[in-house]
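Taking it in order: structure first as structure tokens, then the write-up.
The values are calculated or read from the model by the stated rules, or taken from the named source; none is laboratory data. Computed from a predicted model, the values in this text were never measured in an experiment. Glycine gets a Cβ as well: all are built from the backbone with ideal geometry, and neighbour counts include every protein chain shown. Areas reflect the complete protein model, heavy atoms only, side chains present, ligands, DNA and RNA absent. Shrake-Rupley method; radii C 1.70, N 1.55, O 1.52, S 1.80 Å.
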Amino acid sequence: MRSAYDVIIIGGGMIGSACAWFLASCAGFDGSVLVVERDPSLETASTTRSGSSIRQQYTTGINIRISQFAAEHIHNFRDQTGGDADAPEIAIRSFGYLFLATEAGAPTLREAAALQRSLGVPTRLLDPAALGAAFPAINTDGVALASHNARDEGYFDGDGMHPWWRKQAKKRGVEFATDEVIAIDRDGDRVVAVRLRSGDRIATGAVVNAAGPRASGVAAMAGLSIPVEPRKRFCWIFDAATPPEGPFPLLIDPSGVYVYPRGGAYHTGCAPEDDRAVAPDDLAMDPEIFMEKVWPTLAARVPAFEALKVRAEWAGHYAYNTLDQNAVIGPHPELRNFLLVNGFSGHGLQQAPAMGRGISELIAYGEYRTLDMSVLGCQRILSGQPFLEKAVI
């Protein structure tokens, strides 16, 4: 490694690699970049343990536009990353998210659908009769309204996107170090260096905090506080003895349990009953929650799931923004060359393309040049004024 870099990115997962690629390919930037990642295998990282899903059904316009860019980037991945013939083809398996709502949640679905349609998302609202006709495998009991969009909603190959960004960033001069940032040196309102566990002190012109669930710890090294914490999420892959008849979407039950088809099996998941901060290395499963909550919910909502067999299970982390469950991106007002790209609350993989592009523009030009994401800036954190995203799973 050099003794100094123009930019140091802390975290080499999906978000950090997106920042590295977009910065390296940005016409307005010709500086040096170092990505520091404590575990390059990313075995326990949110990137690796994500369901790699994508959707357009959000309740804020900025999140819809962020996902629209992600879909465009995925559909045109080879051209978007330089035109290399060896670039993987990244496809979206679009079967649509299906949000189910009780009477209490129906107004939110109506309001969200109107916003989504105004931005070109073909969301349709389904009453119980229409829901039963469209998806005959689903029990409509207790459902007052549903929303569904089959365009650019489902899951994609994040496992192909991430390493290609990393590979192409390296080709353009970005360096990657297997190490851990343990301290950040400041001089007044600027970061001047990071200190690594290996003992190195690396000077820098800017730091990007892309540390996922560990983001608040990185911010604290710089003397800052951000409302981002690791929260556990459980996932299972199961086989159904008798698969549901007819088309099947990514179904989100009002209980918070979700399920969708994947690779001939089904992926389901939920949050813990006690949804709170955990240690960033706590990935223990709850031995009771599948039998006590998930399976009964699945069987009641989709009778075909009464007989199933779990094939795999794991836990991962949301980098959960406790203020409003929205991303925080941009420089911190108290430390202008310390840039945040944190707090995705489960949306990180699908938002990574727009976030990488946004960070590259802020560093290269000092402003957003394409999609203005200033509403997701840090000022709302300091003022305690949430910009709430209601569609959080």
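Of the numbered conditions (1) in contact (Cβ under 8 Å) with a residue 40 or more places away in the chain; (2) buried (at least 22 other Cβ atoms within 10 Å of the Cβ); (3) of a type in the set (S, T, N, Q), T268 satisfies every one except a single condition; which is it?
It is condition (1) that T268 fails.
Only one of (1) surrounded by fewer than 14 Cβ atoms within 10 Å (Cβ to Cβ); (2) under 15 Å from I15 (Cα atoms) is not met by H317, so which one is it?
Here H317 meets the rest and fails (1).
(1) farther than 18 Å from I90 by Cβ; (2) open to solvent by less than 60 Å² (accessible area, probe 1.4 Å): which one isn't true of R201, the others all being true?
Evaluating R201 over (1) farther than 18 Å from I90 by Cβ; (2) open to solvent by less than 60 Å² (accessible area, probe 1.4 Å) leaves (2) as the failure.
When you go through A279, A304 one by one, which is the residue that is in a loop (DSSP other than H, G, I, E, B), in contact (Cβ under 8 Å) with a residue 40 or more places away in the chain and of a type outside the set (D, E)? Step through it out loud before you land on a result.
Numbers: A304 fails: in a loop (DSSP other than H, G, I, E, B).
That would be A279, the only listed residue that is in a loop (DSSP other than H, G, I, E, B), in contact (Cβ under 8 Å) with a residue 40 or more places away in the chain and of a type outside the set (D, E).
Among the residues that make up segment 236-251, is at least one of them in a strand (DSSP E or B), exposed (fewer than 15 other Cβ atoms within 10 Å of the Cβ), of a type outside the set (G, A, S) and out of contact with any Pro (no Cβ under 6 Å at 6 or more places or on another chain)? Step through it out loud before you land on a result.
Taking segment 236-251 as the starting set, the residues that turn out to be in a strand (DSSP E or B) are 236-240, 250-251.
Narrowing the set further to residues that are exposed (fewer than 15 other Cβ atoms within 10 Å of the Cβ) leaves 239.
Next, only the ones that are of a type outside the set (G, A, S) stay: 239.
Going one step further and asking which of them are out of contact with any Pro (no Cβ under 6 Å at 6 or more places or on another chain), we end up with 239.
Yes; the residues of segment 236-251 include at least one that is in a strand (DSSP E or B), exposed (fewer than 15 other Cβ atoms within 10 Å of the Cβ), of a type outside the set (G, A, S) and out of contact with any Pro (no Cβ under 6 Å at 6 or more places or on another chain).
What's the total number of residues in segment 252-273 that are touching a Ser or Thr at 6+ places or on another chain (Cβ under 7 Å) and either under 15 Å from F95 (Cβ atoms) or outside any loop (DSSP other than H, G, I, E, B) (or both)?
So in segment 252-273, the residues touching a Ser or Thr at 6+ places or on another chain (Cβ under 7 Å) come out as 253-255, 257-259.
The next check asks that each one be either under 15 Å from F95 (Cβ atoms) or outside any loop (DSSP other than H, G, I, E, B) (or both); those that pass are 258-259.
Of the residues in that region, 2 qualify.
Of the conditions (1) at pLDDT below 95; (2) under 21 Å from the mean Cα position of the chain (by Cα), D79 satisfies every one except a single condition; which number is it?
Failed condition: (2).
Of all residues in segment 277-294, how many are over 18 Å from A45 (Cα atoms) and out of contact with any strand residue (DSSP E or B) (no Cβ under 7 Å at 6 or more places or on another chain)?
Count: 4.
From the residues in segment 332-371 that are closer than 17 Å to G384 by Cα and surrounded by fewer than 20 Cβ atoms within 10 Å (Cβ to Cβ), which one is farthest from the chain's Cα centre (by Cα)? Steps first, please.
Residues of segment 332-371 that are closer than 17 Å to G384 by Cα, as a first pass: 332-334, 340, 342-343.
Pick out the ones that are also surrounded by fewer than 20 Cβ atoms within 10 Å (Cβ to Cβ) and you get 333-334.
Working: P333: 24, E334: 26 Å.
My answer is E334.
Just checking, which of G217, G158, G212 is at pLDDT below 95 and within 16 Å of G11 (Cβ to Cβ)?
Going through G217, G158, G212 in turn, the sole match is G158.
In segment 131-140, what residues are free of Cβ contacts under 8 Å to residues at least 60 places away in the same chain and open to solvent by 40 Å² or more (accessible area, probe 1.4 Å)?
A133
Quick one: in segment 211-235, of everything that is over 20 Å from A4 (Cβ atoms) and in a loop (DSSP other than H, G, I, E, B), which residue is farthest from the chain's Cα centre (by Cα)?
G223
Condition test on A144, is it aliphatic (A, V, I, L, M), open to solvent by less than 30 Å² (accessible area, probe 1.4 Å) and modelled with pLDDT of 95 or more? It would help to see each step written out before you state the result.
Details: aliphatic (A, V, I, L, M): yes; open to solvent by less than 30 Å² (accessible area, probe 1.4 Å): yes; modelled with pLDDT of 95 or more: yes.
Taking the combined requirement at face value, the residue satisfies it.
Quick check on this structure: which one of I74, I8 is open to solvent by less than 20 Å² (accessible area, probe 1.4 Å) and either touching a helix residue (DSSP H, G or I) at 6+ places or on another chain (Cβ under 8 Å) or of a type in the set (F, W, Y) (or both)?
Checking each option against the conditions leaves just I74.
I'd like to verify a number: residues in segment 20-68 that are farther than 27 Å from L196 by Cα, of a type in the set (A, V, I, L, M) and either assigned to a strand (DSSP E or B) or open to solvent by 10 Å² or more (accessible area, probe 1.4 Å) (or both), how many?
Counting residues in segment 20-68 that are farther than 27 Å from L196 by Cα, of a type in the set (A, V, I, L, M) and either assigned to a strand (DSSP E or B) or open to solvent by 10 Å² or more (accessible area, probe 1.4 Å) (or both) gives 3.
Residues that are out of contact with any Lys or Arg (no Cβ under 7 Å at 6 or more places or on another chain), over 19 Å from A24 (Cβ atoms) and crowded, with 18+ Cβ neighbours inside 10 Å: does segment 158-177 have at least one?
Yes, segment 158-177 contains a residue that is out of contact with any Lys or Arg (no Cβ under 7 Å at 6 or more places or on another chain), over 19 Å from A24 (Cβ atoms) and crowded, with 18+ Cβ neighbours inside 10 Å.
Within segment 126-182, can you find the residues that are in a helix (DSSP H, G or I) and aromatic (F, W, Y)?
Those that are in a helix (DSSP H, G or I) and aromatic (F, W, Y): W164, W165.
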